[in-house]
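Throughout, read-outs are computed from the coordinates displayed, never taken from laboratory work. All values reported here derive from a predicted model rather than from experimental measurement. Glycine also receives a Cβ, built like all others from the backbone with ideal geometry; neighbour counts cover every protein chain displayed.
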Amino acid sequence: MLTEYPRLRSVLGQATTIAITLLGLLLLTFIIGRMMPADPVRAIVGEDASRETYEQVFNQLGLDRPVWEQFLRYLGDVFSGDFGTSIRTGQPVINDILHVMPATIELATLAILIGAGLGVPLGVIAAVNKDRWPDHVVRVFSLFGHSMPIFWTGMIALIIFYAKLGWVGGSGRMSQFYIGMVPDRTGFLLIDSLLAGQMDVFWSAINHLILPAALLGYSSSAYITRMTRSFMLDQLGQEYMTTARVKGLSKRQTIWHHAFGNIKVQLVTIVALAYGGLLEGAVLIETVFGWPGFGQYLTNNLIIGDMNAVMTCVLIVGVIFIALNLLSDLLYRVFDPRTK
């Protein structure tokens, strides 16, 4: 019957793939939680707790049950929206993550705009000028962005642009003076400050955001530049490019309309994966800049062995990449109607 409805068959197939992927992700998250050397019971009761207290909490957490039963219980809790309570904050983990995630989204979004805004045109320029000086300059630029440790560039940038020149703000999302002046409506400081009409807070947030976002953007632009250059070189070597020039099209038209038009679908995936990497991989830059985001939250809880928080963070990272892949599939159909 499904053969008569190819669209329905495609939707069901995709839904099945997503379900299997999520189940595998949950299983992987559960295994990671059990393999971590941290003792969740000791993290709760402390090192000086009595044996009776330890065993009581051990049983309350269900750790005395078979592993398969623990996993089924974990599945049930996750599907019911219960991700546990954070040992460090005493709050539901999901509430903590909803509180810190907007800061990382602001940082990663500006970073990917910078990264794609630099990486895509530089990749095209490098490909068009293959083995000439613009190509060499762009490749060196990308090499530095890919090779330099982000925590090192972050510290050097803070010393130069904040401590010495005073061009940007220091650690945190805004100056200490403005903390508490803007109601937390959406969690996004830039939006909340505009809604509150607090332009001083808005510009302070921009001042603190621009440097870490620029460093992350430069790092991601190195990857985007290399991939764009590779895709463009493949297209520029095709016969249809020669045919287009013979028909009288200008070099600019053949490059941007034909060659670049044929790599847009591939670039969607590259940029989406780079954005996902920024959302979950900004740990070092958030630590250097004292940025109260998802990466710093994960690091702080990993240090003290707060497994409820760590497992939920791992799960959310996986869901983010699944969602970005689905978004890429949808954008494929926008940029290339043939995929429908």
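Dividing the summed helix terms, -39500 (n - 2.57) for each DSSP H run of n ≥ 4, by the number of residues in the chain produces a 222 nm estimate of -23000 deg cm²/dmol to the nearest 500. From least to most packed, judged by other beta carbons within 10 angstrom and beginning with the fewest, Leu267, Leu327 follow the order Leu327, Leu267. Normalised by 2.2 N^0.38 Å, where N is the number of residues, the alpha-carbon radius of gyration of the range 231-303 equals 1.85. In this simple spin-label approximation, Ser328 and Ile156 carry label points 7 Å from Cα along the Cα→Cβ vector, and these lie 3.1 nm apart. Cα convex hull, the range 201-340: 151 Å³ per residue, rounded to a whole number.
With Cα atoms defining each centre, the range 272-322 and the range 144-181 are spaced 20 Å apart in the structure. The slack in the chain from Asp184 to Gln238, taken as 0.36 nm per residue of separation less the alpha-carbon distance, amounts to 14.1 nm.
Please build a GNM for the chain, connecting alpha carbons under 10 Å apart, and tell me which residue among Leu326, Leu113, Leu249 fluctuates the most. The residue with the greatest mean-square fluctuation here is Leu249.
Against the chain, whose longest principal axis is taken from its Cα atoms, helix 307-335 shows a tilt of about 30°. Among the trypsin sites (Lys or Arg not before Pro) in the range 118-202, those placed in a DSSP loop whose Cβ has at most 16 other Cβ atoms within 10 Å are Lys130, Arg132, Arg185. Taking the chain as the region of interest, the number of lysine pairs whose Cα atoms are within less than 21 Å, with members eight or more places apart or on different chains, is 4. For the range 86-103, backbone phi angles converted through the Karplus equation (6.51, -1.76, 1.60; θ = phi - 60°) give residue-by-residue couplings of 6, 5, 6, 9, x, 10, x, 4, 4, 5, 4, 5, 5, 6, 8, 4, x, 5 Hz, Gly and Pro being listed as x. Computed from backbone phi, the HN-Hα couplings of the range 48-64 come to 9, 5, 6, 5, 5, 5, 4, 5, 5, 5, 4, 6, 5, 7, x, 6, 7 Hz, rounded to whole numbers (Karplus: 6.51 cos²θ - 1.76 cosθ + 1.60, θ = phi - 60°; Gly and Pro given as x). The angle separating the long axis of helix 294-304 from the principal Cα axis of greatest extent in the chain is about 40 degrees. 3J(HN,Hα) along the range 260-273, derived from phi through the Karplus expression 6.51 cos²θ - 1.76 cosθ + 1.60 where θ = phi - 60°, amounts to 5, x, 7, 10, 4, 5, 5, 5, 4, 5, 4, 5, 4, 5 Hz, with x in place of Gly and Pro. For Thr85, nonlocal amide neighbours, meaning residues 5 or more places apart or on other chains whose placed amide H falls under 5 Å from its own, are Val93.
Distance between the 7 Å Cα→Cβ label points at Thr89 and Leu194: 2.5 nm. Ranking of Ile320, Ile32 by neighbouring Cβ atoms within 10 Å, starting from the fewest: Ile32, Ile320.
Taking label positions 7 Å along the Cα-Cβ direction at both Asn59 and Arg73, the computed distance is 1.2 nm, reported to one decimal.
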